[in-house]
Amino acid sequence: MTEDTQQAAVDQTQDASVQDALEQAQASVNEIKDQVDQVSADFNLPDFSGVPEAEGIELLSDVDLGVTIELGRTEMLVEDVLRLAKGSVVELDKLAGDPVDVRVNGRLVARGEVLVLNDNFCIRISEIVANLDEPVESLIPGLESPPSDANSQ
């Protein structure tokens, strides 16, 4: 055999080995696809294709928040609280006509004035309060802020 013939035989053997390896790899890929299809068929997931995707703040549009209107505050001794009865008057720290605080999940977000509309109390917002110094973690119960560098040393 000549050198060219020997090289052609080696090339042919290598091509056959590469072809066998490709066929084995394709068989493995097909086997994995079949296994994935079988596992996927076992799950009964709802069809979400018709549900519109919400973006940004719209994701939170149906979350309930606790809104509190604070007319005022006071401190009382236990004995004074125990004496409260129907008709008792409790003096608050705000004057009549002072704006009331509007709190969302305990955070002050606005102030307004008390109105009566159709025999119901309501609030007309007169000021939006931006409290940017308060950390977000304090607004969500159970969420702790990460330790700061000062605390970790």
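Considering (1) modelled with pLDDT under 70; (2) surrounded by 10 or more Cβ atoms within 10 Å (Cβ to Cβ), the lone condition that Met1 does not fulfil carries the number (2). Looking across the stretch 96-111, the residues that are under 13 Å from Thr68 (Cβ atoms) and touching a residue at least 24 places away in the same chain (Cβ under 8 Å) come down to Val100, Asp101, Val102, Arg103, Val104, Asn105, Gly106, Arg107.
Of all residues in the stretch 84-101 being surrounded by 10 or more Cβ atoms within 10 Å (Cβ to Cβ) and out of contact with any Asp or Glu (no Cβ under 7 Å at 6 or more places or on another chain), which is farthest from Ile128 (Cα to Cα)? Please lay out each step first, then the result.
At the first step, the residues of the stretch 84-101 found to be surrounded by 10 or more Cβ atoms within 10 Å (Cβ to Cβ) are 84, 90, 92-94, 98-101.
Subsequent filtering for residues that are out of contact with any Asp or Glu (no Cβ under 7 Å at 6 or more places or on another chain) retains 84, 90, 92-94, 98.
Values: Leu84: 35, Val90: 28, Leu92: 23, Asp93: 21, Lys94: 19, Asp98: 15 Å.
If we take residues in the stretch 84-101 being surrounded by 10 or more Cβ atoms within 10 Å (Cβ to Cβ) and out of contact with any Asp or Glu (no Cβ under 7 Å at 6 or more places or on another chain), then Leu84 is farthest from Ile128 (Cα to Cα).
The values are calculated or read from the model by the stated rules, or taken from the named source; none is laboratory data. This one's a predicted model, so the numbers in the text were calculated from it and none came from an experiment. All Cβ positions, even for glycine, are placed from backbone atoms using ideal geometry, and neighbour counts span all protein chains on display.
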